[in-house]
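In what follows, a single structure is set out as structure tokens and then discussed.
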Amino acid sequence: VENREVLDDLHKSKTPAMYVANHNSWMDIPYLGYTIGWKNYKIVAKKELAKVPILGKAIKVGGNVMLDRKDRRSQLMTLKSGMNWLKEGVNLCTFPEGTRSRSGRLMPFKKGAFKMAHKMGAPVVPLSIVGSAKVMPSN
């Protein structure tokens, strides 16, 4: 992990943040957790992940934020839920591309994570995960 001191300083300030990372592999979720230091955080995850054995249950039980990307009402509820977590001092983590990149190239970002952070005055912390697709390819 490069520049860990930046994250350490942010953690010391007790400022909740929106962590955004690129997404290439199933391994990105544990790498993200390791990188931010297993601090108090919730993941913003797509509803489809609820169907994945073990992971889906863990996302639900952990009180993470679930998003139905096809339902406008769900999108608004996700925005409110994420803002509430930030208000409560809980960090949020998301992959703003919305899905895993099959090519390894960065895809266009969805706006939701940035809206949440902006409305709550939370810093956006960009993270770059390198090499995860070599460990576990997305296809």
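The values are calculated or read from the model by the stated rules, or taken from the named source; none is laboratory data. Everything numeric in this text was worked out from a predicted model, so none of it was measured. Accessible surface areas use protein heavy atoms only, side chains included; no ligands, DNA or RNA. Shrake-Rupley method; radii C 1.70, N 1.55, O 1.52, S 1.80 Å.
Assorted remarks:
- The count of lysine pairs in the stretch 18-60 whose Cα atoms are under 15 Å apart, excluding pairs fewer than 8 places apart on the same chain, comes to 7.
- Only protein heavy atoms count here; on that basis, with a 1.4 Å probe, His11 has an accessible area of about 40 Å².
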